[in-house]
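One structure is given below, encoded as structure tokens.
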Amino acid sequence: MTVDQGAPGRRPTRVGIRDVAAAAGVSITTVSDALNGKGRLPDSTRVHVREVADRLGYRPSAAARTLRTGRSGLIGLTTTNHAAEPFALTEYGWFTELVRAATGAALDRGYALVVLPTSSRHDVWSNVALDGTIVVDPAEDDPMVRELLRRGVPVVTGGHPGDSTVHGWVDIDHALAMETVLDHLAEAGARRIALLTSQEGTYARRCVDAYRAWCAERGREPLVEAYPPNTSGAAGAAAGRLLDLPAAARPDAVYGLHEGCGGELLAAARARGLRVPEDLLVAACGEESAHAAEPGLTTLSLQPRVAGSSAVELLVGVIEEDAARVGPRVPAQRTVPIRLSVRASTRRGATGSDDLSAS
């Protein structure tokens with residue numbers, strides 16, 4: 001059969017499920033079951049129906065799905081940390097990449113992603129009917145997570161949920177991440193490695209714990225310099241405090257735990273006449289423009305694209321499985337691999353770069 005595409009200037013006729021059923025030679029119920037992965041159909045029938053639907057350009061109606069399932073098709077993504085202003089996290093490459101991957105993963109599964117503003121006003125969500133929400137880098141016993149769960153909204157966190165009870169989470173192996181970057185700095189000759197970190201979030205706390213454990217296992221004295229979040233210039237001031245220590249106590253290597261720390265450390269070193277990497281090794285976590293830095297900055301990537309798509313996959317699984325689930329749900333977990341990219345800021349007497357992945 002052919003479907004009228006409309007005359008020029010006229011809106012094309014929308015292909016409906018009846019058109020697919022007629023073209024495929026099956027019932028409407030069979031089309032619905034084939035496209036939604038339901039019913040007891042032969043694989044050949046499912047493939048045939050999907051091929052016909054693709055050829056005709058059939059797209060399920062979002063309104064019809066809402067009436068049938070009671071779901072809106074909307075997934076929220078937000079965070080309670082890092083930013084006092086709504087959407088300020090979009091300035092960070094890590095968050096931008098995570099959102100981009102999550103958006104694509106949601107669309108692939110028939111959902112749209114809504115990025116909710118960073119806010120302490122929980123009533124912002126009452127205006128949006130969400131099937132589920134991803135909370136990035138939650139706080140300990142996160143009030144936002146508590147409020148979402150109180151409203152009956154499934155929650156998956158990007159980062160360990162701490163004391164919060166959620167449906168699942170996506171996170172890195174913090175001990176492996178710290179061991180990877182700290183071992184690299186030690187192998188590059190560092191004898192006193194400091195950690196520059198924000199004071200907020202389960203990610204920071206778990207990384208600091210892993211750093212202290214690494215130091216204890218190797219008989220090294222830990223040196224942690226923390227700065228308050230949401231404060232302009234705080235990271236740069238904290239970097240300056242580390243490098244202003246007396247020569248005997250000053251670190252010869254610093255790892256910045258958050259995106260942006262690397263640039264602050266390089267600037268603080270230049271201001272004090274310290275050469276990188278000759279006098280100071282510098283590494284940082286994040287997706288910042290490491291190649292554009294001078295010297296090139298060694299970075300530990302938390303693979304935000306993998307994290308974003310994995311979080312959506314877990315959340316959609318929760319949303320679509322809960323309707324048929326009987327009994328309590330065991331929180332789903334997904335570990336995201338890390339990638340250390342070694343560049344000039346930690347390479348004494350060497351050139352080029354290396355990418356080291358670990359999971």
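The values are calculated or read from the model by the stated rules, or taken from the named source; none is laboratory data. Model, not experiment: these values are computed from the prediction. Glycine gets a Cβ as well: all are built from the backbone with ideal geometry, and neighbour counts include every protein chain shown. Quick note on the areas: whole protein, heavy atoms, side chains included, nothing else; ligands and nucleic acids left out. Shrake-Rupley method; radii C 1.70, N 1.55, O 1.52, S 1.80 Å.
Restricting the search to the range 173-211, which residues are part of a loop (DSSP other than H, G, I, E, B), at pLDDT below 95 and open to solvent by less than 40 Å² (accessible area, probe 1.4 Å)?
Gly201
Which one of Ala235, Ala247 is surrounded by fewer than 20 Cβ atoms within 10 Å (Cβ to Cβ) and small (Gly, Ala, Ser)?
Exactly one residue qualifies, and that residue is Ala247.
Evaluate the range 287-295: report whether one residue or more is closer than 21 Å to Thr79 by Cα and either in contact with an Asp or Glu (Cβ under 7 Å, 6 or more places away or on another chain) or without any contact (Cβ under 8 Å) to a residue 24 or more places away in the chain (or both).
Yes.
For the range 230-318, please list each of the strands (runs of 3 or more DSSP E) lying entirely inside it that holds at least 2 residues being under 30 Å from Val170 (Cα atoms) and under 18 Å from the mean Cα position of the chain (by Cα).
Once the strands (runs of 3 or more DSSP E) in the range 230-318 are filtered for at least 2 residues that are under 30 Å from Val170 (Cα atoms) and under 18 Å from the mean Cα position of the chain (by Cα), what remains is 281-285, 298-301.
Under 7 Å between Cβ atoms, which residue pairs at least 6 apart in sequence (or on different chains) link something in the range 339-352 that is surrounded by fewer than 20 Cβ atoms within 10 Å (Cβ to Cβ) with a partner that is modelled with pLDDT of 80 or more and assigned to a loop (DSSP other than H, G, I, E, B)?
Qualifying pairs under 7 Å: Arg339/Gln303; Arg347/Pro277; Arg348/Ala188; Arg348/Gly189; Arg348/Pro277; Arg348/Glu278.
Please determine whether any residue of the range 188-202 is of a type in the set (Gly, Ala, Ser) and closer than 15 Å to Leu315 by Cβ.
no
Of the residues Gly70, Gly25, which is exposed (fewer than 13 other Cβ atoms within 10 Å of the Cβ) and at pLDDT below 90?
Gly70
Within the set of pairs 6+ apart or on separate chains, which have a first residue in the range 213-229 that is farther than 13 Å from Tyr255 by Cα and assigned to a strand (DSSP E or B), a second that is open to solvent by 60 Å² or more (accessible area, probe 1.4 Å) and at pLDDT below 95, and C-beta atoms under 8 Å apart?
Correct list of pairs: Tyr227/Gln199.
Can you find a residue that is more than 24 Å from Arg151 (Cα to Cα), at pLDDT 80 or above and of a type outside the set (A, V, I, L, M) anywhere in the range 82-89?
No, the conditions are met nowhere in the range 82-89.
Of everything in the range 101-146 that's in a helix (DSSP H, G or I) and more than 27 Å from His258 (Cα to Cα), which residue is modelled with the lowest pLDDT?
Among residues in the range 101-146 that are in a helix (DSSP H, G or I) and more than 27 Å from His258 (Cα to Cα), the one modelled with the lowest pLDDT is Asp123.
Looking at the range 147-160, which of the residues that are touching a Gly at 6+ places or on another chain (Cβ under 9 Å) and outside any strand (DSSP E or B) is surrounded by the most Cβ atoms within 10 Å (Cβ to Cβ)?
Per the criteria, the residue is Gly159.
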